[in-house]
Amino acid sequence: MKQIHRATLYHIRLPLVQAFRTSVDAYSMRDVLLLRLEVEDVEVWSECVALPTPTYWYETVLTAWYVLTDHLLPLTVQEPFETREELMARLARVRGHPMAKAAIEMALWAYEAVEARVSLAQLVGATRTHVPAGVVIGMVREPKLLLQRVEKAIEDGYRRIKLKIAPGHDVEPVSMVRKMFPDVALLVDANQAYTPENLYALQLLDEYDLLALEEPLSSGTPLRVYADVQRQLHTPIMLDESIATLADAEYAIEVGACRALNLKPGRLGGIANLLDIYRLACERGIALMHGGMLESGVGRAYNVALAALEGFTIPGDLAANSRYFREDIVDPPFTLDANGMIQVPSEIGLGVMVVEERIQRALFRTAMFTPKDGRVSS
Ligand code: MG
């Protein structure tokens, strides 16, 4: 049996280098929840990927803070546990909230890696030593500025560009970027901004040799409707926030709703769920991309380790820390090498060190839990 002696949740606020705009939101600050678990004599860190607003997904930084501090963390430290699966089963009495649960689940994988004296990548069976970096460029209304940002990203070494699109901001920016950079690997993400009625614009995007068209249709669109749309498009539809579970993925693949999936452990309730969907997709010939949620270096370390799995054939949303944050909280930071690749940490465990002094500088609030006293401070 193992005991978590202490769980500490940190809410920190990291200023972004550049405001980030999608079809539904704009951020200039990233509120991040970091979790530190002290298990036996090992300390592991993880991150909850919830965003400040419920526009991409129903959970937010505030709901995750509430669910973690009032429910999940007291249950987590309450009693010793034998296995990760057993502890996660204990947490299943809290319904939903996969982002909040994933923070705990992922930390337990990092703990297992330390216990097994392997890197997280090795623990999940990933074999690549480097993963290609990909950048996400938020919506920029000014065409010249958009081209400058894409050009800068390519100069910085990124080989794959993802553009955020929305109705009225789609064909024009995509055609401009494609014309100026005919060879760059390009994809677009609509974050559910279209309806089958304004499908016309999406059909026009077929001309621009896109790797994928991510989440085009409004939230709640039945996967059967997605399948109709996919049949009319040459570009593979990639599903992200429409897929919450293995059952969703099974059904989407069965009806032909997509030809690609964007997987993120922090949104799928953790690494075990991601691996289930990963295996299914590999069996059924569905292309895979590892996504990102504007994570700090802690969440990024998990993403990079998982993206090292062979089945992730589309370069992921994996960028250098410095692209988003002036000062990240981990050492060493993730950077791009001369070939536009990010090195997968090979050290035991997560492979990055959290610099606590930087957490203190960005700290908004914290809550601590121990087995004996429950919540000790907040
Ligand atoms: Mg997406």
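Exactly one residue out of ILE277, ILE253 is part of a helix (DSSP H, G or I), among the hydrophobic types (A, V, I, L, M, F, W, C) and within 21 Å of HIS97 (Cβ to Cβ), and it is ILE277. In the set LEU123, LEU187, LEU163, LEU146, only one residue is more than 23 Å from the chain's Cα centre (by Cα) and not aromatic (Phe, Trp, Tyr); that residue is LEU146.
Put simply, of PRO236, PRO265 the only residue that is on the phi < 0 side of the Ramachandran plot, within 16 Å of the ligand (Cβ to nearest atom) and surrounded by fewer than 24 Cβ atoms within 10 Å (Cβ to Cβ) is PRO236.
Tell me whether the range 148-169 contains one or more residues that are exposed (fewer than 15 other Cβ atoms within 10 Å of the Cβ), assigned to a helix (DSSP H, G or I), more than 16 Å from the ligand (Cβ to nearest atom) and not charged (D, E, K, R). Taking every residue of the range 148-169 in turn, at least one turns out to be exposed (fewer than 15 other Cβ atoms within 10 Å of the Cβ), assigned to a helix (DSSP H, G or I), more than 16 Å from the ligand (Cβ to nearest atom) and not charged (D, E, K, R). Within the range 228-251, residues that are under 15 Å from GLY270 (Cα atoms) reach partners that are away from the ligand (no atom under 12 Å from the Cβ) with beta carbons closer than 6 Å, at six or more positions or on different chains, in the pairs ILE243/ALA249; LEU246/ASP276; LEU246/ILE277. Looking at (1) more than 22 Å from ASN303 (Cβ to Cβ); (2) part of a strand (DSSP E or B); (3) at pLDDT 90 or above, which one does LEU35 not meet, given that it meets all the others? With (1) more than 22 Å from ASN303 (Cβ to Cβ); (2) part of a strand (DSSP E or B); (3) at pLDDT 90 or above applied to LEU35, the lone miss is (1). Within the range 285-299, not a single residue is over 25 Å from THR53 (Cα atoms), in contact (Cβ under 8 Å) with a residue 24 or more places away in the chain and part of a helix (DSSP H, G or I). Taking the range 334-378 and the strands (runs of 3 or more DSSP E) fully enclosed by it, the elements with 1 or more residues that are under 16 Å from ARG36 (Cα atoms) are at 363-370, 374-377. Return the residues of the range 213-227 that are touching a residue at least 12 places away in the same chain (Cβ under 8 Å), more than 12 Å from the ligand (Cβ to nearest atom) and either more than 20 Å from the chain's Cα centre (by Cα) or not in a loop (DSSP other than H, G, I, E, B) (or both); say none if nothing qualifies. Across the range 213-227, the qualifying residues are LEU217, SER218, THR221, LEU223, ARG224, VAL225, TYR226, ALA227.
From the list VAL140, VAL131, VAL114, VAL135, the one residue that fits, being outside any helix (DSSP H, G or I), touching a residue at least 12 places away in the same chain (Cβ under 8 Å) and over 23 Å from ALA190 (Cβ atoms), is VAL131.
Within the range 181-210, being away from the ligand (no atom under 14 Å from the Cβ) and of a type in the set (Phe, Trp, Tyr) holds for PHE181, TYR200, TYR208. Listed by first and then second residue, the pairs with beta-carbon distance under 7 Å, at least 6 apart or on different chains, first residue in the range 50-64 and of a type in the set (D, E, K, R), second away from the ligand (no atom under 15 Å from the Cβ) and in a helix (DSSP H, G or I), are GLU59/ALA100.
Of the residues screened, PRO143 is one that is under 29 Å from ASN321 (Cα atoms), touching a helix residue (DSSP H, G or I) at 6+ places or on another chain (Cβ under 7 Å) and away from the ligand (no atom under 16 Å from the Cβ).
The values are calculated or read from the model by the stated rules, or taken from the named source; none is laboratory data. Predicted, not measured: the structure shown is a model, and the values here were computed from it. Positions of Cβ are generated from backbone atoms using ideal geometry, with glycine treated the same way; all protein chains shown enter the neighbour counts.
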